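Undergrad: Please see the structure below; I have some questions.
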Amino acid sequence: MNSEILQLEYPSQLYEQIEKSLGQLLGSDVVVKNYDEYRTMTIESLTLLIEFRFGRAGARNSSGQYCHGYHIRVHCLLPRSAERSFLRVLDNTATIERFVDRNHWGIDIRQIDAPEFLRSEPSGLQYQLDQVIARAVSWRQNLYLGESLNQPDEERGGIAWAVNPEHLDNADEYQPLEVKYASGN
């Protein structure tokens, strides 16, 4: 979708990537909103609500970045009055589920793990909102926010050698290694 790799600083950046990606996946007719907006909305067409349900700590990654693990749910809603509403919702949740599988949302893979525990299920919103068919796709995904805590790799200038140097840390006592019989010389 987006060839530019995003450096993650905040969880809201993941939300924005999911929102943009789902809009591109399902077309301009779909409404994509934050889950918290459902109480003030009227569902008139295919609507997706993105919910960050639970957050939890996890183990730091190899770069020392703190792990924020989120349980994410995308609710797919359609008015019952829409033609074949249940089947359309079922098809769209299957499309979303396949899309989420192994998706890193354009984020540097050192800062996000592949989705885990991916599933689709009935959404509780179906019972809270009259005249709506609702299913959800949910998964867990770990984020590693901010800069790496590791020092950048030291730049090396090649291989140098010395025979019994007096001062091991004195670079002037070493000479560059020359290879006379290597192929290509």
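The values are calculated or read from the model by the stated rules, or taken from the named source; none is laboratory data. Worth saying up front: this structure is predicted, and the values here are computed from it rather than measured. Counting neighbours? That spans all protein chains shown, and the Cβs are built from the backbone with ideal geometry, glycine included. To get the accessible areas, we keep the full protein, side chains included, count just its heavy atoms, and leave off ligands, DNA and RNA. Shrake-Rupley method; radii C 1.70, N 1.55, O 1.52, S 1.80 Å.
Undergrad: May I ask you to give the solvent-accessible area per residue for the chain, in square angstrom, as obtained with a 1.4 angstrom probe? Please report the intermediate quantities before stating the final value.
TA: Working: 12030 Å² over 185 residues.
Computed with neighbouring chains in place, this is 65 Å² per residue.
Undergrad: Between LEU149 and GLU116, with labels modelled 7 Å along Cα→Cβ, what's the label distance in nm to one decimal, could you check?
TA: 1.9
Undergrad: Can you give me the long-range amide H partners of GLY58? Hydrogens built in the peptide plane at 1.01 Å from N, cutoff under 5 Å, separation of 5 or more residues or another chain.
TA: Result for GLY58 returns CYS67, GLY69.
Undergrad: Amide H neighbours of VAL32 under 5 Å, at least 5 residues apart or on other chains, H built in the peptide plane: list them.
TA: Correct list: LEU48.
Undergrad: Under a plain spin-label model, where a point goes 7 Å from the Cα along Cα-to-Cβ, how far apart in nm are ASP101 and ARG39?
TA: Label-label distance for ASP101 and ARG39, simple model: 3.7 nm.
Undergrad: Let me ask something else about it. For LEU25, LEU46, LEU177, give me the order by solvent-accessible area with a 1.4 Å probe, most accessible first, ignoring ligands, DNA and RNA.
TA: Working: LEU25 60, LEU46 25, LEU177 90 Å².
Highest to lowest solvent-accessible surface, that is LEU177, LEU25, LEU46.
Undergrad: Under 5 Å between amide hydrogens, which residues at least 5 positions from LEU145 or on another chain qualify, with H placed 1.01 Å from N in the peptide plane?
TA: The list, which skips near neighbours in sequence, is TYR66, HIS68.
Undergrad: Whenever you get a sec, compute what percent of the accessible area on the chain sits on carbon and sulfur atoms (1.4 Å probe). Let's see the in-between values first.
TA: Working: 5600 of 12030 Å².
The C+S portion of the solvent-accessible surface of the chain is 47 percent.
Undergrad: When only the heavy atoms of the protein chains count and the probe is 1.4 Å, how do ARG60, ARG88 rank by accessible area, highest first? Numbers along the way, then the final one.
TA: Details: ARG60 140, ARG88 105 Å².
Sorted descending by solvent-accessible area, the residues read ARG60, ARG88.
Undergrad: Further question on the same structure: What number do you get for the chain when its Cα radius of gyration is normalised by 2.2 N^0.38 Å, N = residues? List each step's numbers first, then the result.
TA: Numbers: Rg = 25.7 Å, N = 185, 2.2 N^0.38 = 16.0 Å.
Compactness ratio reported: 1.61.
Undergrad: Step through the residues of segment 124-141 one at a time and calculate ³J(HN,Hα) from phi using the Karplus curve (6.51 cos²θ - 1.76 cosθ + 1.60, θ = phi - 60°), rounding each to whole Hz and writing x for Gly and Pro.
TA: Running phi through 6.51 cos²θ - 1.76 cosθ + 1.60 with θ = phi - 60° gives x, 5, 4, 8, 8, 10, 5, 6, 10, 9, 9, 10, 9, 10, 10, 7, 10, 8 Hz.
Undergrad: Using θ = phi - 60° and the Karplus relation 6.51 cos²θ - 1.76 cosθ + 1.60, list the HN-Hα couplings for segment 94-108 in order, rounded to whole Hz, with x at every Gly or Pro.
TA: Going residue by residue, I get 5, 4, 5, 4, 5, 5, 5, 3, 6, 8, 10, 6, x, 9, 3 Hz, with x marking Gly and Pro.
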